[in-house]
Every structure is written in structure tokens, then in C-alpha cells.
Amino acid sequence: MRMRKKKNGAKRIQNLSALFINCTENSAEIDGIFADERPLRIEIGCGKGDFICGISESEPEYNYIALERVGDVIMSAVEKYATSKGLGRLDDHGAWLAPDGTLYDGERYDIPTVNRGNVRFHCGEAKSFLSLLPDNSVESIYTNFSDPWPKKGYTSRRLTHSDFLKEYARVLMPGGMLKLKTDNDSFFDFSLESIGESEFELISYTRDLDASDEFSKGNIETEYERNFKSQGIRIKALKARINK
């Protein structure tokens with residue numbers, strides 16, 4: 001379902017631009033963006049931020065980069081994360097109200113690095129961003145409820161297409177993990193087959209997350225996940241490891 005265009009979107013993103021990663025055509029400015037050096041995890045398609053907010057809180061020993069290609073969607077994720085970190089809130093007119101009472105309305109809220117927590121965001125295509133990262137620099141990659149691109153001719157856009165898997169294999173460190181959740185049976189079957197033909201080793205999978213002790217323990221639900229489950233749709237999940 002397409003998200004309704006939000007008011008003052010550009011201003012709202014600018015307000016919290018301190019939480020975004022700056023990228024150029026040839027580089028991503030990731031050095032020094034976190035207060036502490038920790039292993040790096042990436043979520044591709046963070047949606048409205050339920051998963052990235054949850055996992056960054058429950059597993060704080062990692063740093064996280066959340067990717068999303070839709071501006072209005074990532075804006076909701078960033079605002080949700082900023083609120084959870086005590087960095088203020090969105091006011092009734094679309095401006096950002098900081099804890100000290102300062103109102104940012106299209107102006108950058110220059111949050112100290114130490115207060116920004118362990119998540120940064122990037123709005124753009126996943127493949128383009130990943131191409132800017134060094135080899136062996138990522139501990140885990142998460143893809144939750146990505147677009148299954150079911151139409152013919154769109155196969156290469158699926159996040160488990162061989163082209164994506166090759167890029168994941170490059171940026172993941174030895175033993176790094178790819179973790180996936182989806183509601184779509186066809187996409188899940190495609191993913192199992194694609195991973196089976198790749199450098200990845202399929203560690204485990206389930207076609208009913210709630211019935212699996214391994215996958216349900218500590219599971220962080222997304223908004224999509226809750227909606228699908230309310231319709232009686234079973235959630236599929238898998239874990240794969242890169243051995244190199």
C-alpha cells in the first residue's frame with residue numbers, strides 16, 4: 001500500500017539530518033559517524049522503523065545503518081528513532097521540538113554524536129549504497145518484508161537475486177549473516193533457490209515463524225508483520241551465512 005504524501009517532508013528530514021549518512025557518487029561517509037566502534041549491521045528496507053528501533057535497543061553492542069528508498073517512509077523511521085532516544089518530538093505543525101525547547105523548522109538539529117545512539121539512516125537504493133562500503137565491513141544484513149517484485153522482468157530487483165547476494169557476500173565479513181523475513185511464498189521459494197546457488201550457506205529456515213522456537217524467540221515485529229499476521233498469513237524466515 002502506497003503511503004500518503006506527508007506534509008513538510010523535506011523540512012522534517014532536514015531537521016534530523018544529523019542522523020543521516022552523507023554519500024557522494026564514490027563514497028559513503030561512515031568513518032566516525034558513531035560515538036563507539038562496534039560491529040556494523042545493515043537493515044535494507046527499514047520501513048517505518050519498528051525493527052531498527054527494536055533491535056538497536058535490544059542488541060546495543062552493534063552499530064546499525066538503516067536503508068530505505070522512500071523519503072516519506074524513512075522520515076517516519078528517523079522520527080520514531082529520535083523520539084525513542086529522547087531527542088525530542090514532532091510538534092503539531094511538523095517542526096521538531098528538541099528537549100531544551102528549541103524548535104527546528106527546516107533547520108538542522110545538530111545533535112552531538114554521543115547522543116545520536118547506534119543507528120544512522122540513508123535514503124536511497126540499497127545496491128548503490130552497498131557498493132560504497134569496504135569489503136568485509138558488515139556483520140549482518142537484514143531484509144524484512146521487501147518488495148517481492150512478482151512481475152516478469154523484475155526478478156533482478158528482488159533483494160535475494162544473485163546480483164544482490166554477490167554484493168552482500170563482498171561486504172559481509174567471514175561468517176557474516178543474511179537474515180530475511182517475508183509474507184510472500186513465491187519470493188521465499190525464490191530466495192531459498194537463489195541462496196542455494198550462491199556463496200551463502202543456508203543455516204535454517206521456517207515457513208511459520210510463530211511455530212518455530214528458533215525464529216520466534218526475541219523476534220521483533222514490524223508493522224507489516226503485524227498486519228500480515230492479523231490476516232492469518234504465516235511469516236517465512238531464513239538465516240544464511242557467508243563462508244569465505
Exercise. When DSSP beta bridges are limited to those with both residues in the chain, what percentage is antiparallel, rounded to the nearest 5?
Worked result: 45 percent
Exercise. Looking at the stretch 122-211, which chymotrypsin sites (Phe, Trp or Tyr not before Pro) are DSSP coil and have at most 15 other C-beta atoms within 10 Å of their C-beta?
Worked result: Tyr154
Exercise. For the chain, with only Lys/Arg (+1) and Asp/Glu (-1) charged at the beta-carbon, what is the dipole magnitude about the Cα centre, in debye rounded to 20?
Worked result: 740 debye
For this session: Find how much the distance from Leu202 to Glu214 grows on full extension, using 0.36 nm per residue of separation minus their present alpha carbon separation; answer in nm with one decimal.
Result: 2.9 nm
For this session: May I ask you to derive the FRET efficiency for Arg89 and Thr24 from their Cβ-Cβ distance with R0 = 41 Å, giving the value to the nearest 0.05?
Result: 0.80
For this session: Please order His122, His93, His161 by the number of other Cβ within 10 Å, starting at the fewest.
Result: His93, His161, His122
Exercise. Is the shape of the stretch 23-76 rounded, prolate or oblate, going by the alpha carbon gyration tensor and its root eigenvalues a ≥ b ≥ c, with a/c under 1.5 for rounded and a/b larger than b/c for prolate?
Worked result: oblate
Exercise. Given C-alpha coordinates of the stretch 38-141, what is the ratio Rg to Rh with the Kirkwood estimate of Rh?
Worked result: 0.98
Exercise. Roughly what % of DSSP beta bridges within the stretch 1-111 run antiparallel, to the nearest 5?
Worked result: 50 percent
For this session: Set Lys and Arg Cβ to +1 and Asp and Glu Cβ to -1, take the dipole of the stretch 114-216 about its Cα centre, and tell me which of Leu133, Leu165, Pro148 lies farthest positive.
Result: Leu133
Problem set entry | Virtual spin-label span in nm between Asp147 and Asp100, 7 Å along Cα→Cβ | 4.1 nm
Problem set entry | C-alpha long axis of helix 162-171 to longest principal axis of the chain, angle in ° | 60 degrees
For this session: Give the whole-number value, in cubic angstrom per residue, of the convex hull volume spanned by the C-alpha atoms of the stretch 125-244.
Result: 106 Å³
Exercise. Rounded to the nearest 500 deg cm²/dmol, what is the calculated helix-only ellipticity per residue at 222 nm for the chain, with -39500 (n - 2.57) per DSSP H run of length n ≥ 4?
Worked result: -8000 deg cm²/dmol
Exercise. Can you sort Lys7, Lys152, Lys48, Lys85 by how many other beta carbons sit within 10 Å, fewest first?
Worked result: Lys152, Lys7, Lys85, Lys48
Seminar exercise, completed: Using the Kirkwood radius over Cα pairs of the chain, the Stokes-Einstein translational diffusion coefficient at 20 °C and 1.002 mPa s, in µm²/s and rounded to a whole number, is 114 µm²/s
Problem set entry | Residue-span extension gain [Ser17 to Val114] - 0.36 nm each, minus C-alpha spacing | 33.4 nm
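Here, each number is a calculation from the coordinates, and none is a lab measurement. Just so we're clear, the structure is a prediction, and the values are computed from it rather than from any experiment. Here Cβ is always computed from backbone atoms with ideal geometry, including for glycine, and neighbour counts include all displayed protein chains.
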